[in-house]
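Below: one structure, written as structure tokens.
The values are calculated or read from the model by the stated rules, or taken from the named source; none is laboratory data. Values in this document were obtained by computation on a predicted structure and should not be read as measured data. With ideal geometry, Cβ positions are generated from the backbone for all residues, glycine too; neighbour counts draw on all protein chains shown.
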Amino acid sequence: MMQLVRAAFVAMTPVLVLAATAVEGGDKPLLMEGKRSLYQRVLATPDARLSAEPGGTGQSAVIPFTSFYVYARREHSGMQWLEVGMDRHGTRAGWLPATSTLEWNHGLTAAFPNPTGHDRVLLFNDRDSLRQLVRERDLAAYEGLYEQAQEDVLSPNSPVVAIQPPNFIDIQEDFYLVPIRQHEDIYLENEQARLLQVSSVPLTPTESASSGSAATPPSYTAGLAFVIDSTLSMDPYIERTREAVKKIYDRLGEADLLGDVSFGLVAFRDNLSSAPGLGYLVRTYVDLDQGRDAASFLSRVNSLQASDISSQDFVEDAYAGVKEAIETTDWSEYAARYIVLITDAGARGAADPLSSTALGSENLRKLAQEKGVAIFVLHLLTPATMANHASATEQYQALAEFPGIGSLYYGVPTGDVVKFGEALDALAGQITEQVRLAATDQQPAMPIPTSADAQLAELQAKVAKLGYALRMKYLQTAEGGQIPTVFDAWLLDRDFRDPERAAVEVRVLLTRDQLSDLHDVLAAVLERAEEGMLSPQTFLEELQSLAATMARDPTQLGSTTATTAGEGNSLAELGFMREYIEDLPYTAEVMGLSLDDWQSWSTKQQVAFVTGLEDKIAYYRALHDHTDLWVSLDNGPVDGDSVFPVPLEVLP
């Protein structure tokens, strides 16, 4: 049976946008059919590879469920191709065949509440089976299916294909994506409920088409090569690296996974012509084959010590060590491949006459990526090398950049050995845990631990994304290139045994700019509502005037929320965000307000409505300013395009 995949690295960009005329090849994405203000969106499937042109050979793999805007659609050799981009500002990423995408225009996603003390959500193969179960309220049939799913003994013809993971993952702390493709209203006894069609990817291998049996891929293994500076003053860090690796070997032994994670170690110093007494430029102490067990690794690195003489200046030939690890290491047996560079000095770049590689950060990083190797940098910001900190940081951040993930760089404050050890333990331990989960066909069971150190917490989040991406790549290449397929399933958003309990939250991803504009629109409506309490007969006129003003000049209230002047008896009918709201599976509390009802309400009812509106506005303001909740697509700082999964019930 399949478990749902948690895609913690996936986020969505805007779903409420300024009305614009979008034509193929223009600066704006294509509009949804029949819409004036909503752009077309798609999600990438696991087999997606970006090409430079329609029909081209895909060169760049895409992380599954990455969200794209659609800029153009074109036929090529009987197949439709989409030109896609990550943002709405005209930046293209390339072309994808339509068959490698899922249409997903409104950015709806399912969030699972904590299942402790309640049933986990069942996912059904088809809508009809679930619909029939709900309409008949067949508790006996449900309990039989639930027990089988819980015990992982579902029959091949069972209508249930997956079950919610047993552990709670807080979407606000550890973002994941279960996109909603369709929805249908239904009643569960007397409770209004929804049937939701969602998409996911199974972590367990897909069934072999020829034999009908589950394919068994080779073991998921990781190789981690340390590239460590062994010049003067590095002894404490060398010793702490030994300690970290010993801890990991102990954990691997306890989990019966010795050999599934292997460690190597390359030491570097500097060009001997600058300081002949250094002894060597680069030396491999342990290769990955030798580092499969603790005894072999530790015995070989016992002789590693820092040099007792100083190199020429604040830079050393760190790139020589990285290049050695990339080119001389046999990476072929490892699905996940990592280099961890540890140094307190800057690197000799391509223009440095003492560089043995003549490579800069970008070219060295490309060399690593050609081998499928990710580079981490633990940069020791010691007081002695302060004059070099800024330039070295820039070098190493570029060296540690990984496509779709961001820079895997960590600057150790003051070169503190304790902080260094914490970062190294967290990094190596997280990679080891990913291998353990893969070996037992599990997805991450808990949110990635967050450190009080914001920089370390950010690095851990990137390691989680990287580990997931590498595991998906492994599943794609296992067993002759078999690719995990996206499966669609149907679920009920209410608890089958307890219909009053919501079993699934429906959320919509909004950008920070959109939330800001939503705040401003509601603040303007609130002002009219407060005036309308004193003069109900002018309330409708004031709202009509506001809608007309916003339609003529949307920039008065931001750049993402479209409003069109209209006729009607509610805010939505007057044009306030009508296009967006009419396709969402919820009742618009504010925008659906009947103005006839408003005029018939008592003062107490009007005050209650205004108070509720004030509460929403205050929530929007607080959420906007709570920057640590927002997810940035480019792993950069929080900005207007950062996103947050907003519950439907807090929309207006």
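Among residues of region 292-307 that are among the hydroxyl-bearing types (Ser, Thr, Tyr), those with a Cβ under 8 angstrom from a residue that is surrounded by 15 or more Cβ atoms within 10 Å (Cβ to Cβ), sequence gap 6+ or separate chain, pair up as SER296/VAL286; SER296/GLN290; SER303/TYR285; SER307/SER230; SER307/THR231; SER307/LEU232; SER307/ARG269; SER307/LEU278.
If you go through region 29-57 and keep only what is in contact (Cβ under 8 Å) with a residue 60 or more places away in the chain, over 20 Å from GLY78 (Cβ atoms) and assigned to a loop (DSSP other than H, G, I, E, B), you end up with MET32, LYS35, ARG36, SER37, LEU38, GLN40, PRO46. For the residues SER67, SER51, SER100, SER77, the requirement of being in contact with a Phe, Trp or Tyr (Cβ under 6 Å, 6 or more places away or on another chain), of a type outside the set (D, E, K, R) and over 23 Å from PRO159 (Cβ atoms) singles out SER51. Just one of the listed residues (GLY78, GLY25) is on the phi > 0 side of the Ramachandran plot and either of a type in the set (A, V, I, L, M, F, W, C) or modelled with pLDDT under 85 (or both), namely GLY25.
Among VAL161, VAL153, which is the only one that is surrounded by 13 or more Cβ atoms within 10 Å (Cβ to Cβ) and β-branched (Val, Ile, Thr)?
Numbers: VAL153 fails: surrounded by 13 or more Cβ atoms within 10 Å (Cβ to Cβ).
The conditions single out VAL161.
Within region 490-522, count every residue that is in a strand (DSSP E or B) and modelled with pLDDT of 90 or more.
Of the residues in region 490-522, 4 are in a strand (DSSP E or B) and modelled with pLDDT of 90 or more.
Just a yes or no: is a residue in region 225-232 assigned by TED's automatic domain parsing to the domain that holds ALA336, surrounded by fewer than 20 Cβ atoms within 10 Å (Cβ to Cβ), farther than 30 Å from GLU103 by Cβ and at pLDDT below 85? Taking every residue of region 225-232 in turn, at least one turns out to be assigned by TED's automatic domain parsing to the domain that holds ALA336, surrounded by fewer than 20 Cβ atoms within 10 Å (Cβ to Cβ), farther than 30 Å from GLU103 by Cβ and at pLDDT below 85.
Could you tell me which of the residues ALA384, ALA438 is surrounded by fewer than 17 Cβ atoms within 10 Å (Cβ to Cβ), touching a residue at least 60 places away in the same chain (Cβ under 8 Å) and over 22 Å from ALA325 (Cα atoms)?
Details: ALA438 fails: surrounded by fewer than 17 Cβ atoms within 10 Å (Cβ to Cβ).
Of ALA384, ALA438, the one residue that is surrounded by fewer than 17 Cβ atoms within 10 Å (Cβ to Cβ), touching a residue at least 60 places away in the same chain (Cβ under 8 Å) and over 22 Å from ALA325 (Cα atoms) is ALA384.
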